[in-house]
Amino acid sequence: MQNGKIEIYTDGSCIGNPGPGGWAAIILFAGKEIEISGHEKDTTNNRMEMTAIIEALEWIRKKSRLSDEDLQNQKIEIYSDSNLIIQTMNQGWKKKANTDLWAEVDRLRAWLNIEWTWVKAHHTNKYNNKADELALSEAQKVSKN
């Protein structure tokens with residue numbers, strides 16, 4: 001397979017912090033737009049932001065049907081409106097909280113070619129806005145239970 005690009009837009013949402021939360025990712029891959037999302041009853045916004053990234057990377061590794069070698073040749077660009085995540089990945093900010101999730105992100109990204117890009121929240125980026133809507137919808141689902 002030739003080198004390609006996978007784009008991932010992620011977002012997390014929390015009603016209260018902590019409180020009911022949702023996460024979402026939109027994966028642009030092989031000409032398709034894949035939406036994945038989920039929720040947790042009691043969580044934080046940062047945990048949902050990180051869960052979205054973890055779930056998206058898990059999806060790529062398990063469901064993209066790319067071999068490990070092909071995945072290594074893919075450029076993956078992850079877009080997030082979480083300054084904490086982007087600065088931690090790009091500038092080496094210290095991972096003080098949620099160390100369980102940071103360890104999982106590190107495990108999943110270990111041999112991948114990932115570029116981490118910050119996008120402004122609630123602005124003009126179609127996919128970031130869509131991920132935001134999905135994450136909020138998931139948080140609202142669990143808050144009603």
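The values are calculated or read from the model by the stated rules, or taken from the named source; none is laboratory data. Computed from a predicted model, the values in this text were never measured in an experiment. Cβ: placed from backbone, ideal geometry, glycine included. Neighbour counts: every protein chain shown.
Do you know which residues across the stretch 19-35 are surrounded by fewer than 18 Cβ atoms within 10 Å (Cβ to Cβ) and at pLDDT 95 or above?
Hits for the stretch 19-35 are G19, L28, E33, I34, E35.
What are the pairs with Cβ atoms under 9 angstrom where one residue, in the stretch 123-145, is part of a loop (DSSP other than H, G, I, E, B) and the other, located anywhere, is surrounded by 14 or more Cβ atoms within 10 Å (Cβ to Cβ)? Sequence gap at least six, or different chains.
So the pair list comes out as H123/D81; H123/N129; N125/Y9; N125/Y79; N125/D81; N125/V119; K144/P20; N145/P20.
State the number of residues belonging to the stretch 1-54 that are among the small types (G, A, S), over 13 Å from N128 (Cα atoms) and under 12 Å from the mean Cα position of the chain (by Cα).
3
Could you tell me whether any residue of the stretch 87-109 is in contact with a strand residue (DSSP E or B) (Cβ under 7 Å, 6 or more places away or on another chain), closer than 25 Å to H39 by Cα and in a helix (DSSP H, G or I)?
Scanning the stretch 87-109 turns up at least one residue that is in contact with a strand residue (DSSP E or B) (Cβ under 7 Å, 6 or more places away or on another chain), closer than 25 Å to H39 by Cα and in a helix (DSSP H, G or I).
Identify, by number, the condition in (1) touching a residue at least 24 places away in the same chain (Cβ under 8 Å); (2) assigned to a helix (DSSP H, G or I); (3) farther than 17 Å from N98 by Cβ; (4) of a type outside the set (S, T, N, Q) that E69 doesn't meet.
Answer for E69: the failing condition is (1).
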